[in-house]
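This report concerns only the one structure given below.
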Amino acid sequence: RRALMGRFARVDDVASSILARHGYPLPVAELSAEAIALAACLASTMDYDGVFTLQASGEGPVKTLFADVTSAGAVRGYTSFDKNIGISERGAPAAIISLMGTGYRAFTVDQGEQGRYQGIVPIEAADLKSVSMRYFSDSEQIDTALLIAARPGPDNGWHASALLLQRIPETGGS
């Protein structure tokens, strides 16, 4: 039997507060909330002193997707999109490939003088989860499961969460 490690982040109030400041169309708001939840979840798996950033850049109507979490727990999020291009209100899941087109998604840990680490993958999948899973399969090479969910709530707020499960590699040998 092999052990699992996991992290769960629920950022309803944080996502609601951030998204209330912007007039995003529903799919853009959903993608933003997913990014905020994923950044919070992944940041919680690391021991760092600085800023963990999830960033994506594309050539579609959504140009920039950004969420960061400081080691002190402060969270920010922002999405830039072309307001002159109509964005369909189709709903879930937020289709990163149709909103951003070709581009990249990066995770960055910036610890100032202590160094910086970055993992970059192309946007080649339909949703943020699938794009992010490419990083885990290519870079970490650890069995990983990832779930991200974001939906508007009945009170004009947001429900946003992310769950990461990873199989802990066996040590030694048999």
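The values are calculated or read from the model by the stated rules, or taken from the named source; none is laboratory data. What you see is a predicted model, and the numbers here were worked out from it, not measured in a lab. No Cβ is skipped: glycine too gets one built from the backbone with ideal geometry, and neighbour counts run over all protein chains shown. Side chains are part of the model used for accessible areas, which takes the heavy atoms of the whole protein and leaves out ligands, DNA and RNA. Shrake-Rupley method; radii C 1.70, N 1.55, O 1.52, S 1.80 Å.
Accessible surface area normalised per residue over the chain is 53 Å², counting heavy atoms of protein chains with a 1.4 Å rolling probe.
If R0 is 30 Å, the Cβ-Cβ spacing of Glu170 and Tyr104 corresponds to a FRET efficiency of close to 0.35. Springs join every pair of Cα atoms under 10 Å in this Gaussian network model of the chain, and among Glu34, Glu140, Glu113 the largest mean-square fluctuation is at Glu113.
Given the options Ala37, Ala106, Ala74, which has the most mean-square fluctuation in a GNM of the chain, springs set between C-alpha atoms less than 10 angstrom apart? Ranking Ala37, Ala106, Ala74 by mean-square fluctuation puts Ala74 first. Ranked from largest to smallest solvent-accessible area, with a 1.4 Å probe on the protein heavy atoms, Val14, Val28 come out as Val14, Val28. Directionally averaged projected area (the chain, Cα convex hull): 11.3 nm².
In this Cβ point-charge picture (+1 for Lys and Arg, -1 for Asp and Glu), the chain has a dipole of about 240 debye about its Cα centre. A Gaussian network model of the chain, with springs between Cα atoms under 10 Å, assigns the largest mean-square fluctuation among Ala145, Ala29, Ala162 to Ala145.
Take each peptide in 3-12, 54-63, count the other Cβ atoms within 10 Å of every residue, and average; sorted highest first, the result is 54-63, 3-12. What you get for segment 91-158, charging only the Cβ of Lys and Arg (+1) and of Asp and Glu (-1), is a dipole of about 180 debye around the Cα centre. Annotation: extensible slack from Glu113 through Asp12 equals 33.1 nm (criterion: 0.36 nm per residue apart, minus Cα-Cα distance). Averaging the sequence gap over all C-alpha pairs within less than 8 Å and six or more residues apart, then dividing by the number of residues, gives the chain a relative contact order of 29 percent.
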